[in-house]
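Here's the structure we're looking at; comments come further down.
The values are calculated or read from the model by the stated rules, or taken from the named source; none is laboratory data. Values in this document were obtained by computation on a predicted structure and should not be read as measured data. Neighbour counts run over all protein chains shown; Cβ positions are idealised from the backbone, glycine included. Remember, those area values only see protein heavy atoms, side chains included, never the ligands or the DNA or RNA. Shrake-Rupley method; radii C 1.70, N 1.55, O 1.52, S 1.80 Å.
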Amino acid sequence: MTRLVLRIAWIVGALFIWARALPAITLLRQVQILPVVRFIESEELASNETQPPKAQPGQEVAARPPDASAPAAATAPQPAAKPDTAPKPADASKPLFLYDILMAILVGIFAILLVKDLPGLLEFLVFRRFDLDAGARYAISTIARYAVTILGAIAVSGIFGISWSKVQWLAAAMTFGIGFGLQEIFANFASGLILLLDRSLRVGDAVSVGELSGRVARIQMRATTITLWDRSEMIVPNKEFVTGKLVNWTLSYPESRVDVKVGVAYDSDIDLVRRVLLEVAHANPNVLKAPPPEVFLMEFADSAVLFELRAFGLYEYGRLVLLNELHTAVFHEFRRNDIVIAFPQLDVRLQPEENKAEGTPSQAKSV
């Protein structure tokens with residue numbers, strides 16, 4: 001908005017300074033760059049050939065003697081012929097003056113400046129009056145910039161006299177090219193518009209694409225930029241989000257669940273283990289009260305009884321940060337309550353060879 005205000009002030013100041021010279025711009029209408037090109041239809045050319053030749057200066061055109069064999073009725077006065085009201089062929093082009101080029105440049109510059117400053121203008125005039133999130137604001141601003149760009153191109157084309165009837169062949173050629181060589185680019189552009197309209201992917205959303213996760217930084221015409229957690233940027237074509245699979249962690253709900261898995265020894269008190277895990281979850285201020293945390297006995301493994309603590313927290317706080325806090329608290333509380341965290345154990349029985357050969361009962365040793 002500051003840049004826009006400064007530019008408007010600069011334009012007003014320039015108009016005030018050059019006010020006396022502005023009428024001279026109209027003289028540019030007399031400087032013709034391209035001549036008028038007019039195509040003559042075959043009927044018009046034939047009518048010009050059938051007209052009698054005009055007399056040159058100093059010459060007389062002999063009158064054609066009347067035909068004596070013609071009936072007398074032919075010499076009678078005929079009614080006046082009706083003027084030809086058929087539409088004349090339109091000019092294939094109109095003259096291009098230096099004034100038109102100047103106006104096209106000014107309109108193009110105005111459109112470019114408006115496209116650059118449109119987000120700030122919308123923020124100042126529209127967005128602050130409504131409760132819109134950052135993703136909705138970005139989508140509206142991007143679509144508005146596309147619309148202004150198209151309108152600016154149409155305005156400049158109109159100044160140059162380029163109409164749809166004159167670029168039909170170009171549109172057909174572009175359609176043919178899009179169908180073969182540019183279909184991927186066109187598909188990515190259309191997919192970008194779909195993402196902006198249905199808002200299944202918004203700026204600021206936390207997403208996972210394959211094994212990589214990060215936040216959406218920009219949704220551009222061809223591709224979307226995702227900033228990964230290691231601060232690197234990944235460029236993904238827009239078509240991948242429309243036709244492929246995508247995990248959006250913050251699309252509908254701001255909270256996310258974290259799972260703390262722990263195994264205890266078989267001689268542990270499972271009721272005490274369940275109570276300690278719930279106390280750890282409720283004691284953490286970053287764990288949400290709704291949905292409430294839960295503890296499940298998941299499996300009787302080979303060396304441990306496996307428990308799982310499920311708790312919800314805001315994704316903005318950080319899943320890894322919350323997991324670190326819960327793991328640390330579980331470790332300290334288990335140690336304070338004498339709960340043994342199980343680890344893999346293996347019993348090995350050794351039998352001496354000499355006892356086996358003599359056939360006497362062997363004394364097994366376990367390690």
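Rounded to the nearest Hz, the phi-derived 3J(HN,Hα) couplings of segment 226-232 under the Karplus curve 6.51 cos²θ - 1.76 cosθ + 1.60 (θ = phi - 60°) are 10, 8, 6, 5, 8, 6, 8, where x marks glycine and proline.
Coupling constants for segment 14-22 follow from the phi torsions by the Karplus curve (6.51 cos²θ - 1.76 cosθ + 1.60, θ = phi - 60°), and in residue order they are 5, 5, 5, 6, 9, 4, 6, 8, 5 Hz; glycine and proline get x. With K and R counted +1 and D and E -1, the other residues having a Cβ less than 15 Å from that of P285 yield a net charge of -3. Using C-alpha pairs under 8 Å with a sequence gap of at least 6, the mean separation divided by the residue count of segment 138-278 gives a relative contact order of 18 percent. Rolling a 1.4 angstrom probe over the protein heavy atoms with all chains in place gives segment 293-342 an accessible area of 60 Å² per residue. Put simply, the amide H of R218, placed in the peptide plane, has neighbours under 5 Å in T225, leaving out anything fewer than 5 places away on its chain. How much of the accessible area of segment 215-336, in percent, comes from carbon and sulfur atoms when a 1.4 Å probe is used? With neighbouring chains kept in place, the figure for segment 215-336 is 55 percent. Heavy atoms of the protein chains alone define the surface here; on that basis segment 172-255 has 61 Å² accessible area per residue at 1.4 Å probe size.
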